[in-house]
Structures are given as C-alpha cells and as structure tokens.
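Worksheet: one structure, shown below.
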Amino acid sequence: MLAAAAETANAPIHWADLGLRPGIDLGFFTLRFYSLAYLAGIVLGYFHLIKMLKQPGAPMAQRHAEDLFFWCTLGIILGGRIGYATFYEPSLWANPDQLVQLWNGGMSFHGGVMGVLLAIAWVAWRNNLNFIRMCDYISVNVAFGMFLGRIANFINGELWGRPTDVAWGMVFPRAGPLPRHPSQLYEAGLEGLAMIVIMLSLFWLTRARYRPGFLVGVFTAGIALARFTVEFFREPDEQLAEFAASTGLSMGQWLTLPMIAVGVGIVIWSLTRPAIGQQAKAPVADPA
C-alpha cells in the first residue's frame, strides 16, 4: 500500500484531468478564453490608465486614452500576428487565408510590442504629445494582458515547456507522454504578476513618472529578462527547434536580447536627465 501511495505521489500531473475547456460553448459559437484574455487585458489596462491620468503630471488627457484604446488594440492584433508570421512561421506569408485566421493562434509578443509602439507614435504625432512619456504610462498597464494571456495559454494546453522530472511536471495531451514544465504559468508569474507589482509600485509609490523614460525602460528590460529566463523552460516552436539547437538560444531569447539592452539604455538615459519640475541650479555669480 505504501509503495502504491509513493508511486501515486510521484506521478506527473495530467493536464487533461484538470477539466479545463478552451472557452465558453454558446451552442453556435465557442467564446475562447484566449480572446477574452486579450479583451480583458486591454479593458483593464484602459481603466487603470484613466485612473493614472487623474494624478498630477499626466502627459495626456482622457480623450487621448480613448484614441489609444482603439489604436493599441489594432496594433496588438496586427503586430502580434505579423510578428508571428515573420519570426516564427514564415510559411503563413504564402497562405494569406491562414495568416488572417487569428482564432488558430500564433501571436508574437515582440510583434505586439512593435504594433503598440506604432499606435502610440501615431496618437502622439497627431496630438503633439510627448511620445516617451506616453510610453511610460502605457507600459504600466501592459502586464495585465500578459498575465491573462499566459493563463489562457495554460487553459488551452498550448505553449508547454520542456520535459522535466520536477514534482509539478505536467503531461499535456498534444505534447506526448513525458511530463513537462508548465511554462505558461512561469510566464504568467514573471511576465505578468511580477511586472504588475513592479510597475504599479513604481508609479503609485515613487516619483518615477516624473522621470521621462524610466518606467518604459524598466518595463522593457524587465519583461525581456523575464521572457529570456522562461525560455530555458519552454519548448521551442517545432519549426524552430533546429534553430534553437544550432544557436544555443531560442528565437524568443534572441529577440529579447536587444530589448534588454534598449531597456537598460533608456533607464540610464532617464537617470542622467533632470526630473520633470526639477529646476537646474543656476551657477552662483562671483561677487563683484
């Protein structure tokens, strides 16, 4: 009996036994949690941004946030899909009908970031606003969507990790019989919860928002470092497994290295400049 209990205790967790479903079955249509995660992340980020704009020092008005809500949503969807096709699945460019099938999955974080940056740049240019300070405020809210998106990846049983013998290893139905790291949850913790705590703390508990570039620099370096770390536990995309084996790093890790460098550079640049409202001391004239 003890041997049987020990064997059961050491058995891996089976994802299929968790009773998870990819969405809500409405009969004529399945409302997928992945889509709901994107929507909830954007809406939550929007309402938190409105709250931020009510604080002193805001670089834009609520009407600008409403513009950003539309353009950033478009940037996430188009940038994420185009980035995925470019970096992870180039064959999609030869099949435009599959390229537009967003419901079949395949969104690139890095492509989504580029889409959001273009959206912010467009709104900033059109309204003569400070691009860097807008990025600061938007960056505080991105991790909401990252957290919900990774939880949705876990619910879908996709983007699993590498084979492992850790006690919490999990067998995913489409990944063979070996237990694997639930890397989606690692990403939810690092890219999501950890960054939420860091960014909210910096905005609400410090004067970081008065240093242009500091918040977006911390976010860029932090999210990239989190992604770089988790990639050691995540199974590379099947079509890029050979690339990862030959270069020693996954495509995701190679794409995060420039982000880490850029983020650190922006933070250093921010700290070398006077904060908003901080007047440079004029030199004291010699007495006549």
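Structure values in brief
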| item | result |
| --- | --- |
| Carbon and sulfur %, accessible surface of region 111-233 computed with the full protein complex present, 1.4 Å | 73 |
| Ratio Rg/Rh, restricted to region 149-288 and using Cα atoms, in which Rh is the Kirkwood radius | 1.20 |
| Translational D in µm²/s for the chain (Stokes-Einstein at 20 °C, 1.002 mPa s, Kirkwood Rh from C-alpha pairs) | 102 |
| Within region 22-87, chymotrypsin sites (Phe, Trp or Tyr not before Pro) in DSSP loop having at most 14 other beta-carbon neighbours inside 10 Å | F28, F29 |
| Solvent-accessible ranking of S201, S108, S246, largest area first, probe 1.4 Å | S246, S201, S108 |
| In region 14-66, trypsin sites (Lys or Arg not before Pro) in a DSSP loop with at most 12 other beta-carbon atoms within 10 Å | K54 |
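The values are calculated or read from the model by the stated rules, or taken from the named source; none is laboratory data. Values in this document were obtained by computation on a predicted structure and should not be read as measured data. Here Cβ is always computed from backbone atoms with ideal geometry, including for glycine, and neighbour counts include all displayed protein chains. Ligands, DNA and RNA are excluded from the accessible area calculation, which covers all protein heavy atoms including side chains. Shrake-Rupley method; radii C 1.70, N 1.55, O 1.52, S 1.80 Å.
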